[in-house]
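Below is one structure, written out as C-alpha cells; comments come after it.
The values are calculated or read from the model by the stated rules, or taken from the named source; none is laboratory data. Quantities reported herein were computed from a predicted structural model and do not represent experimental measurements. Note: ideal-geometry Cβ built from the backbone for every residue, glycine included; neighbour counts use all protein chains shown. Areas reflect the complete protein model, heavy atoms only, side chains present, ligands, DNA and RNA absent. Shrake-Rupley method; radii C 1.70, N 1.55, O 1.52, S 1.80 Å.
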Amino acid sequence: MAKRDRPFGMPSREAIAAFIRDNPERATKRDIAKAFAIKGDNRVFLKHLLAELEAEGQLEKRGKRLASPDALPPVMVLEVTGRDRDGGLIGRPVEWDSVESGEAPLMRLTLARNDRMNVKVPAAGVGDRVLARIGSVLAEDGTREARIIKKLEPRKAAALGVVRKTARGFRIEPTERRQPEVEIDADQLNGAKAGDLVEVEVAKTGRYGLPRGRILSVIGSLKSEKAVSMIAVHAHDIPHIFPDEVIAESESVEAPGTTDRGREDWRDLPLLTIDPETAKDHDDAVHGMPDPDPANPGGQIVTVAIADVAYFVRPGSALDREALKRGNSVYFPDRVIPMLPERISNDLCSLRDNVDRPALAVRMVFDAGGRKISHRFHRIMMRSHAKLSYEQAQAAIDGATDATTAPILETILKPLWAAYGVLLKGRLSREPLELDIPERKILLTAEGTVDRVVVPPRLDAHKLIEECMIQANVAAAESLEAKRQMLVFRVHDTPALARQETLREFLKTLDIPLARGAQLRPSAFNAILAKVKDTDHAELVAGVVLRSQAQAEYSPDNYGHFGLNLQRYAHFTSPIRRYADLIVHRALIRALNLGNSGDGLPDVDIDRLREIAGMISAAERRAVNAERDTVDRLIAEHLSDKVGETFPGRVSGMASAGLFILLPAYGADGFVPASTLGDEYFRHDEVLHAMVGERTGTGWRLGDSVEVKIAEVQALAGSMRFEMMSEPRDIEKGLTSRHKARTGAKRAGIAAHSIARKGGDRARRRK
C-alpha cells in the first residue's frame with residue numbers, strides 16, 4: 001500500500017501509533033480523530049493511514065478498537081511484587097508465558113475509585129493479588145499504568161512440594177522452580193513419606209542453609225493423578241474449595257413448581273440428552289421434528305433446552321459471587337473443579353432422565369436448506385425422555401440399538417438426525433473454518449496413573465449436538481441484540497493483517513497463493529486446507545493456518561465470530577460450567593420477560609460488563625493452562641522410566657533455541673536444543689517454518705516426521721529434553737533468501753508447539 005503525503009495539521013504515523021499504544025481503552029477511529037482534532041477530509045486520510053499501519057503489522061484491529069500487535073488484555077490479574085523509589089506499588093501479570101512473550105511487563109499500580117458505590121477498593125500491599133485494568137505506557141522501559149479494580153483473596157502461605165529422603169533427613173522439592181527447597185525435621189512430617197506430594201509451610205529461615213518448615217497436609221503420592229492435578233490447581237490459584245456459606249446456600253435452594261409465573265409445561269415433549277459416557281451433569285437436551293407448516297416444505301423444528309441455572313443462582317448471592325470468581329469449571333483427566341457446588345451442578349440443574357427439571361428452551365424453525373426462519377425462547381418445565389452417550393446414540397443410528405435406544409429409534413432419534421441433516425446444509429452453506437485437529441484423551445489406570453493416550457473418533461452424534469448448540473447460541477445473541485439488551489458476546493476477531501502476511505509468505509514456499517485485498521473469509525482458509533489434504537504438508541499447513549487466527553474471548557462489544565463465520569454469537573448452552581452463559585440466561589429472562597425479575601440481569605453499566613468479561617476470559621485462559629500443565633506432568637511422569645529410548649515424533653514448533661517435538665502416541669511435547677542438532681549453526685527461518693543449517697542448507701520443517709531419543713525428564717516441571725536421531729533433509733535454499741519474514745512473523749511463529757492447545761475453543765467449550 002503506497003504511503004500518502006501527510007496533509008497540513010495531521011499527526012505523524014508515529015504519533016498515531018504511539019497514541020494507540022499508550023491509550024488502549026480509547027483507541028477507536030473516533031477516539032483518534034477527537035484526540036488530534038481531525039475533521040473534514042482529513043478523516044478520510046486518517047482512515048487510509050490506519051489501514052496502512054494495520055497492513056504493515058504495526059496495528060491490529062480488535063473489534064472497533066485498534067491496538068498494538070503486542071497489546072495486553074484490558075483486564076489482568078497482577079501480583080504486587082514491590083514498590084518503586086517513590087513508594088508506589090508495582091506488579092507483574094500472574095499468568096504469563098515467558099517462552100512466547102518474553103519477560104512479563106512491569107505495572108505501576110494506582111487505586112481506582114468504584115463509581116457505583118463511591119468507595120475506594122481495599123488497599124493492596126506487596127504480595128497481594130489484584131484485578132486491574134491495564135492502561136497507558138508510562139516509561140521508555142515499557143512500564144504501564146494499571147488501575148486496581150479489586151483486591152483478590154490472599155493466597156495461602158503454604159507451598160506444594162515433594163518429600164525427598166536425604167542423608168541428613170528430609171527435604172521438600174518444590175513444584176515451582178522459583179521456590180527454594182525446604183528442610184523438614186522428622187517430627188514435622190505429619191505422616192508424609194518420601195515421594196508424597198505435600199503442602200508445606202516455611203516455619204523459619206536463617207542467614208545460612210535452607211529454610212526449615214513443617215508439612216501441613218499430605219495430598220498423596222506423586223504417582224497418583226490427584227496429586228499432579230493439585231499442582232496445577234495450586235500453581236494457577238484455582239479456587240477448589242467452596243466456602244461454607246456457598247455450600248449452605250446451595251443446600252437451601254428448592255426446585256420451582258411447574259406453574260411458576262412464566263414457566264410452561266413441556267414435560268410431554270420427548271427431549272433427550274446426549275453426552276460423554278462419563279458425564280455427571282447434563283445441562284442440555286435436544287429434540288427435532290419436521291415442520292408441519294405447509295408453507296415450509298422440508299423444513300425442520302429444532303428445540304434446545306438448557307438447565308435453568310439462573311433460577312437457583314441469583315445475582316449478588318454467595319453462589320453468584322463464587323461462580324464469578326471461578327469463571328468456569330476446570331477439567332482434569334480424572335476430576336472436575338466445578339463452577340457450582342454439586343447440589344446445583346449434578347442434581348438440581350442436571351437434566352436427568354424421567355425427572356422434572358426447570359429449563360430455558362429455544363424453539364427454532366429452519367427451512368429445507370438449513371436457513372433459520374424464526375426462533376422463540378421459553379421458560380419451561382421439562383422431563384428428559386432418555387439419557388444417551390454419544391457412542392450409544394451413534395450406534396443406534398448405525399443399526400445397533402439397545403434396550404434404551406430401540407424404543408425411541410423411530411420416534412425420537414431418526415427425526416433428530418433428519419433435523420441435523422438440514423442444519424448440516426446450513427453449516428456447509430455458511431462455511432465456517434474447518435480445522436480438523438484431533439483432541440487427545442488420557443485414559444487412566446485404577447490407580448490414577450496414565451494407561452494410554454487415545455484420539456476418540458469424531459462421530460456424527462458429536463457434530464449434531466455441536467451444531468444444535470451453535471444455533472441456540474446464535475438465537476440468544478440475536479434476541480438480545482434485537483431488544484438492545486447488554487450482554488457478553490463470545491467473539492473471535494478476524495486474523496490481523498500482519499498474521500495474514502506471515503501466512504501468505506509461508507504459503508508461497510508451497511506454491512499456494514493467498515490473495516490480498518478484501519478481508520479474508522473462513523472459506524479461503526478451507527480452500528487452502530483442501531489443497532493440501534492427504535499430502536505430506538497437511539499437518540504443517542493446518543498448524544500455520546491455526547496460528548494465524550486470533551484468540552476467542554468474551555466481550556460486551558460484538559465484533560462477530562470469525563471462525564464460525566457468524567455475526568452474532570453468545571454462549572448460552574452451558575450455564576452450569578461457564579459464567580458467561582449464566583449472564584446470557586439472565587439477560588434473556590430480563591429482556592423477554594421470562595419470569596421473576598429477581599432471576600434476570602440486574603442494572604449494569606458497560607464498564608462493569610467489560611470488567612466481568614475480562615475476568616471470565618482470564619479464568620478461561622487459567623483453566624486451559626492448568627489443564628495443559630497437568631497433562632504435561634502426567635505424561636512426563638509416565639515416560640520418566642523411558643530415558644534413553646527412541647520414539648517416533650513430529651516437529652510441532654520451533655524457536656531460535658531449538659525444536660519442539662510432539663510424540664503422537666502420547667500427545668506430549670519435548671524440546672531439542674538447537675546446540676545439539678549438529679556440528680553447524682542452525683537458524684530458525686520464520687517464513688519457511690524451518691530450522692536450517694547455515695553451511696549445508698539442510699534441516700527440519702514444521703510437521704516433519706522424526707525419530708527422537710528421550711534424554712532427560714523433569715516430571716515435576718512436566719518437561720522433557722530430546723535428542724534428534726533423524727538426519728536433516730534438504731531445505732529449499734532459494735526460498736530462504738527470497739522470502740523474508742515480515743513484521744509480526746516472530747510473534748506468530750515462535751509458539752508453534754501450542755497448536756493443539758491454543759488454537760481455539762476445545763470441543764466441550766464450543767458446545
* To do: Quote the FRET efficiency, to the nearest 0.05, computed for Arg212 versus Gln551 with a Förster distance R0 of 30 Å and r equal to the Cβ-Cβ distance.
  => 0.10
* Structure fact -> Projecting the Cα atoms of Ala33, Asn593, Ala657 onto the charge dipole of the chain, where Lys and Arg contribute +1 and Asp and Glu -1 at Cβ, the residue farthest towards the positive end is Ala33
* Structure fact -> The extension gain from Asp41 to Lys414, computed as 0.36 nm times the residue separation minus the Cα-Cα distance, is 128.2 nm
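Under the rule of -39500 (n - 2.57) per DSSP H run of 4 or more residues, summed and divided by the residues of the chain, what mean residue ellipticity at 222 nm is obtained, to the nearest 500 deg cm²/dmol?
The helix contribution divided over the chain gives -8500 deg cm²/dmol.
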* PRE reach from Glu439 (point 7 Å along Cα→Cβ): which of segment 609-652 fall under 19 Å by backbone N? -> 617, 619-632
* Report the label-to-label distance for Thr143 and Ala665 in nanometres (one decimal), using points 7 Å from each Cα along the Cα→Cβ vector. => 5.3 nm
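Express in nm, to one decimal, how much length is gained between Ala515 and Lys165 on full extension, taking 0.36 nm for each residue of separation and deducting their alpha carbon distance.
Working: separation 350, 0.36 × 350 = 126.00 nm, distance 6.28 nm.
Length gained, Ala515 through Lys165: 119.7 nm.
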* Structure fact -> Share of accessible surface on carbon and sulfur in the chain, whole %, 1.4 Å probe and ligands ignored, is 49 percent
* Which helices, taking whole DSSP H runs in the chain, have alpha carbons extending 27 angstrom or more along the helix axis plus mean Kyte-Doolittle at least -1.0? -> 460-482, 606-638
* Structure fact -> In whole angstrom, the spacing between the Cα centers of segment 608-624 and segment 537-602 equals 12 Å
* Asked: Between Asn593 and Ala33, what FRET efficiency comes out of the Förster formula 1/(1 + (r/R0)^6) with R0 = 45 Å and r the beta carbon distance, rounded to 0.05?
  -> 0.65
* To do: Anything over 22 Å Cα to Cα? Flag those among Lys372/Lys425; Lys226/Lys441; Lys531/Lys709, in the order listed.
  => Lys531/Lys709
* Residues in segment 37-52 near a label at Ile606, defined as backbone nitrogen under 16 Å from the 7 Å Cα→Cβ point? -> none
* Go through segment 180-189 residue by residue and turn each phi into a ³J(HN,Hα) via Karplus (6.51, -1.76, 1.60, θ = phi - 60°); whole Hz please, and just put x for glycine and proline. => x, 5, 10, 8, 10, 6, 4, 7, 10, 6
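Can you give the FRET efficiency for Lys325 and Ala446, using 1/(1 + (r/R0)^6), R0 = 45 Å, r = Cβ-Cβ distance, to the nearest 0.05?
Details: r = 34 Å, r/R0 = 0.75.
In this case the efficiency is close to 0.85.
Given a 1.4 angstrom probe, what's the average accessible area per residue across segment 550-680, in square angstrom?
Working: 4220 Å² over 131 residues.
Dividing the accessible area of segment 550-680 by its residue count gives 32 Å².
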* Structure fact -> Which of Lys280/Lys414; Lys34/Lys150; Lys150/Lys325 exceed 19 Å between C-alpha atoms? The answer is Lys280/Lys414; Lys34/Lys150
* Structure fact -> Long-range amide H partners of Glu712, meaning residues 5 or more apart or on another chain whose placed amide H is closer than 5 Å, are Arg721
* Asked: Just the accessible area per residue of segment 258-350, please: how many Å² with a 1.4 Å probe?
  -> 37 Å²
* Rank these by accessible area, largest first, 1.4 Å probe: Ile606, Ile380. => Ile606, Ile380
* To do: With label points built 7 Å along Cα→Cβ from the Cα atoms of Lys425 and Asp187, find their separation and express it in nm.
  => 8.1 nm
* Alpha carbon convex hull of the chain, projected area averaged over orientations, nm² -> 38.1 nm²
